[in-house]
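The values are calculated or read from the model by the stated rules, or taken from the named source; none is laboratory data. Every value quoted in this text rests on a predicted model; they were computed, and no experiment measured them. Cβ placement follows ideal geometry from the backbone for every residue including glycine, while neighbour counts extend to all protein chains displayed. The area values use the complete protein model at the heavy-atom level, side chains included, leaving out ligands, DNA and RNA. Shrake-Rupley method; radii C 1.70, N 1.55, O 1.52, S 1.80 Å.
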Amino acid sequence: WMVGAEVSGVGKEERRISITTNPVTKTVALMIVGASLAVVVWQGIWLTSEYRSFLGQKAIAEKKYDLAVSNLSAALSLYPANTEAGFRLGNVLLAQGKYKEALAAFEKTMSAASYYEEVYFHAALAALGAQDVQKAVHYLKDNLRLHPYNLQGYVMLSQLLDQDVIYADESALSLMERGLK
């Protein structure tokens, strides 16, 4: 409205409307155009990531796991906060026995969505496969804090604490006590 009132010539007695470029108006207009362009580019990247994630999910259903890994990895590289793509990628890698790669995918997903309790449980499985018991215990404790009714988590944590008492610190024992209740 302000720009229109400025350039319309309303209130002037002239027949011709002279448009003068105000540097502030020009700067604000360019900033709005730039921000709009950035939003359009970001939405394009996000939609491409979702599309690649969908292709990965479709490849999983068709049991084409290498294609699924390729598409899901591409989806994550385009938009690292695509949590479903990260979770699916981690699960495919976990099923293939690529534990360190699966753990990396789960950790990337956790950094984007720390509330996703299921990822912590699967990260613990990947850590166990990678022979990293300390990380497995850590991720199980995080999973049980977020999802206190995960009975599998309590069973797995109790087995790990029974095998290696060094990880039985006060927080792990209080979680186990809560699990027993």
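Observations
- Listed pairs K108/K181; K100/K141; K64/K100; K64/K141; K108/K141 exceeding 30 Å between Cα atoms: K108/K181; K64/K141
- Of the residues Y116, Y51, ranked by 1.4 Å probe accessible area with the largest first, the sequence reads Y51, Y116.
- Accessible surface area normalised per residue over the chain is 65 Å², counting heavy atoms of protein chains with a 1.4 Å rolling probe.
- For the set Y79, Y65, the ranking by accessible area, highest first and with no ligand, DNA or RNA atoms included, is Y65, Y79 under a 1.4 Å probe.
- Charged neighbours of N143, selected by a Cβ distance under 9 Å, balance to -1 (K, R count +1; D, E count -1).
- Surface share of carbon and sulfur [accessible, 1.4 angstrom probe, percent] for region 33-173: 59
- Net charge dipole size for the chain [Lys, Arg +1 and Asp, Glu -1 on Cβ; Debye, nearest 20]: 660
- By accessible area with a 1.4 Å probe, ligands and nucleic acids excluded, highest first: order of L72, L55: L55, L72
- Per residue, the convex hull volume that the Cα atoms of the chain enclose (Å³): 194
- Counting only residues at least eight positions apart within a chain, or on another chain, the aspartates and glutamates with an alpha carbon under 17 Å from that of K135 are E101, E107, E117, E118, D162, D164, D169, E170.
- The listed peptides 37-50, 102-115, ordered by packing as a protection proxy, come out as 102-115, 37-50 (highest mean of other Cβ atoms within 10 Å first).
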